[in-house]
Amino acid sequence: MTNETVHQLSASRQTAYQRIALLAVICLGSFLVALSSGNIAIPFMELINLFSDDANPLYAQVVLELRLPRMIHAFSTGALLALAGALMQVLLRNPLADPYILGISGGAAVFALIAIAIGLVGWIVSASAFFGAMLAMLLVFGLARGQGSWTASRLLLTGVVLASGWGATISFILSVAPDSKLRSLLFWLMGDLSFASNIWPALITLAIGFIICMYFARNLNVLSLGAEQAQSLGLHINRFRWQLYVLASMLTAMAVVQAGNVGFIGLIIPHLLRLMGLRDYRLLIPAAVLAGGSLLVFADTFARSAFTDTSLPVGVLTAAIGVPIFIFLLYRGVKSV
């Protein structure tokens, strides 16, 4: 390797670090905007004084009891979806794969909607959604495997078919649900962070998932080269794909438990980061956490602040952002993962 090549690699790595630092600054900015914006506008300087003796009691109550927990919910959900999207895209060898593409969110939605429709609340709804997501994961993996080993295309087709089945079940539940429950059911389906209660399950899942993803980063780089080349380099393909699928499913399940169906974050964030030159998964993974979390924090802040008398489902905002970006990516042409 020549000195010129070493210099180019060093410059490329430095540029990548600078972009991650920029994402960190944007993430911090999203936190400040989320804590200060709403029906009660709070100046940035008041945020600094929240823990001092001169803190405004009303501001402290609004930030610490309402906005801070919701901001944490939004960040953790967006980060979980972005991580799951990055894993799904390398798993399926498709740069436009989505965390919801295998029907995991459909299974979670069915069981959560059943729980809401019969009057259950709180952690029982979350537990029902998580159970549904795990059941959907087992069904997809079991059916795709069949009598032999599974492939990415077989897994994808099985997930799409089961997702259609879950969608039909959701339509049936909505058609027979009582009118008094219909609004809450629809909000959950469109993505709504107001259902989230405890911040710790998603944060713990995010921390564990991030650590595992960073541990897998080298193998992810190898797998992105292609199955044959990865196998020639000593990677146990089938076992590693199974590990990625389970991990991505659990990340998606927790995100669905937190916020319902919030689309497009897991699809657009990893691909946009690759367009920025962050193809090394040792860099893409932390960047995905920052970018995905920041995007959902901004979207949720706008969703709850845009109208004084109501709050929009955050999934509506992410779709409004994601659809034009998705169309742009299709028009531009996407490259392999």
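None of the figures in this text is laboratory data; all of them are computed from the coordinates on show. Because the structure is predicted, anything quoted here is derived from the model rather than measured. Note that we place each Cβ from the backbone using ideal geometry, even for glycine, and neighbour counts take in every protein chain shown.
Summary of computed values
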read-out: Of every Cα-Cα pair in the chain, the percent that sits beyond 38 Å; value: 18
read-out: Segment 232-337: C-alpha gyration tensor shape, a/c 1.5 cut-off, then a/b vs b/c; value: prolate
read-out: Karplus-derived 3J(HN,Hα), 6.51/-1.76/1.60, for each residue of segment 256-268, Hz, glycine and proline x; value: 5, 4, 5, 9, x, 8, 10, x, 6, 5, x, 7, 8
read-out: HN-Hα J in Hz across segment 158-173 - Karplus 6.51, -1.76, 1.60, θ = phi - 60°, x for Gly and Pro; value: 4, x, 5, 5, 5, 4, 5, x, 4, x, 5, 5, 4, 4, 5, 4
read-out: Residue range of the chain that is longest and free of chymotrypsin sites (Phe, Trp or Tyr not before Pro) which are both DSSP loop and sparsely packed (at most 15 other C-beta within 10 Å); value: 52-306
read-out: Pair Arg145, Asn238: separation of 7 Å Cα→Cβ label points (nm); value: 1.0
read-out: Calculated FRET value between Leu64 and Phe307, using beta carbons and R₀ = 25 Å, to 0.05; value: 0.55
read-out: Ellipsoid semi-axes in whole angstrom, largest first, where each is sqrt(5λ) of the Cα gyration tensor of segment 86-151; value: 27, 14, 8
read-out: Dipole magnitude of the chain about its Cα centre (Cβ charges: Lys, Arg +1; Asp, Glu -1), debye to nearest 20; value: 1080
read-out: Sequence-distant residues sharing a close amide H with Leu96 (under 5 Å, placed H); value: none
read-out: Label-point separation in nm, Phe172 to Val316, each point 7 Å along Cα→Cβ; value: 2.9
read-out: Table column - 3J(HN,Hα) (Hz), segment 109-119, Karplus curve with 6.51, -1.76, 1.60, x for Gly and Pro; value: 5, 4, 6, 5, 5, 4, 5, 5, 5, 8, x
read-out: Gain in span if fully extended, Ser12 to Arg279, counting 0.36 nm per residue against the direct Cα distance; value: 95.0 nm
read-out: Chain lengthening between Val161 and Leu186 when straightened (0.36 nm per residue, less Cα-Cα); value: 6.7 nm
